[in-house]
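Have a look at the structure below before the remarks.
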Amino acid sequence: MSDKPLAAIDIGTNTFRLLIAYVYANPDKRTYSIKEVASERIITRLGAGLSSKGLLKREAITKSLKALCRFSEILSLYEVLKVSAVATSALREAQNSDDFLMRAKDAAGLRIKIISGEEEARKTASGILIDIKIPDTALMVDIGGGSTELIFSRHGKPLLVRSLRLGVVYLAGKFMRHDPPLKEDLIKMERYISREIREILKPYLKLITRNSILGSETVLIGTAGTLTTLAALVKKLRKFEHKKIHGTKITRRKAENIFSIISTVSTDERAKLIPFEPSRLDIIVPGTLILLKLMELLNFKEITVSNYGLREGILVELYKKMNC
């Protein structure tokens, strides 16, 4: 472990995340742990409205640049060895992403790298497994604002990676236009999600194992805001608590029960159930539906929630690169 921390910035479609932390390799030489120094999370909705015109909205750009300036202020308070800032779905797809990158460098002094969906998934896999016992095989899912990543791993190493164009911000904009949402819109959203998942289903079904002579059962592990919010609901938390959320197991039946409630009430009623996450009141519905369709189509009865993901994976990959 270096005597100086590393920093990661995850520029997502819905949320920007900063993490400053020390990274160290565990004795098994396969897993890593982190010691957090500082972190910040700001919901910017950078990708909101992107699907219709292919351009980032002016309001979203302004809010996002302010968030990056805030991150720069925090970084200036610490003697950070190196910073890695990566952007995902929104900037991959936006026609004016180059302009945003230049403005981010000018305003916040940050050099941002746009990564592919596959690279995003691999970095996410490195983060998800922090402080979780590595299973023989796992299917890891990251339900994000602009895309959903699926990573099948064996002993922690990704073997099959796919990035689906299933993002909660896009789905909310397309199917959550009424409050509460209309039943017919929920049906259309379910069909849309099912169609996208079915297109990549076969190779995963061949790799997933159950309790049999073929080997131990494949474990489903998930990360990102939808999963951590559902974990908080399962635990009946009134505020977000990492130690109580990380490692939580959610059954498909429990997720179905939660969805039946949050998908039929208004935003105000939903806010009473999720008091700690007001900016997630619309996107929690499509996010939960993505989870349910994945569990149904891939035949999983339970998912383990990780409160770590891409930003932690960015740190781990940065550490490995610097110490290889």
Residue match in segment 21-29 (condition: out of contact with any Ser or Thr (no Cβ under 7 Å at 6 or more places or on another chain), closer than 28 Å to Phe240 by Cβ, of a type outside the set (S, T, N, Q) and exposed (fewer than 15 other Cβ atoms within 10 Å of the Cβ)): no
Test: residue in segment 301-312 that is within 19 Å of the chain's Cα centre (by Cα), among the acidic types (Asp, Glu), within 29 Å of Ala7 (Cβ to Cβ) and outside any loop (DSSP other than H, G, I, E, B): yes
Residues of segment 6-23 that turn out to be assigned to a strand (DSSP E or B), hydroxyl-bearing (Ser, Thr, Tyr) and touching a residue at least 60 places away in the same chain (Cβ under 8 Å), as a count: 1
Residues satisfying the stated conditions in segment 293-316, i.e. in contact with a strand residue (DSSP E or B) (Cβ under 9 Å, 6 or more places away or on another chain) and of a type in the set (A, V, I, L, M, F, W, C): Leu294, Met295, Leu298, Phe300, Ile303, Val305, Leu310, Ile314, Leu315, Val316
Verdict on Leu220 being surrounded by 20 or more Cβ atoms within 10 Å (Cβ to Cβ), under 26 Å from Gly12 (Cα atoms), touching a residue at least 24 places away in the same chain (Cβ under 8 Å) and touching a Phe, Trp or Tyr at 6+ places or on another chain (Cβ under 6 Å): yes
Verdict on Thr62 being out of contact with any Pro (no Cβ under 6 Å at 6 or more places or on another chain), surrounded by 22 or more Cβ atoms within 10 Å (Cβ to Cβ) and of a type in the set (Val, Ile, Thr): no
Number of positions in segment 129-148 that are closer than 30 Å to Arg45 by Cβ and either at pLDDT below 90 or surrounded by 24 or more Cβ atoms within 10 Å (Cβ to Cβ) (or both): 13
Failed item, numbered, when Ser126 is tested on (1) closer than 24 Å to Gly156 by Cβ; (2) outside the structural domain of Arg162 (by TED's automatic domain parsing); (3) modelled with pLDDT of 90 or more; (4) not basic (Lys, Arg): (3)
Lone unmet requirement of (1) part of a helix (DSSP H, G or I); (2) more than 26 Å from Ala8 (Cβ to Cβ) for Lys320: (2)
Top-ranked residue of segment 83-97 - restricted to ones that are farther than 14 Å from Thr13 by Cα and modelled with pLDDT under 95, ranked as surrounded by the most Cβ atoms within 10 Å (Cβ to Cβ): Asn96
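The values are calculated or read from the model by the stated rules, or taken from the named source; none is laboratory data. Since the model is a prediction, treat every value here as computed from it, not as a measurement. When we count neighbours, we look across all protein chains shown, and the Cβ atoms used for this are built from the backbone with ideal geometry, even at glycine.
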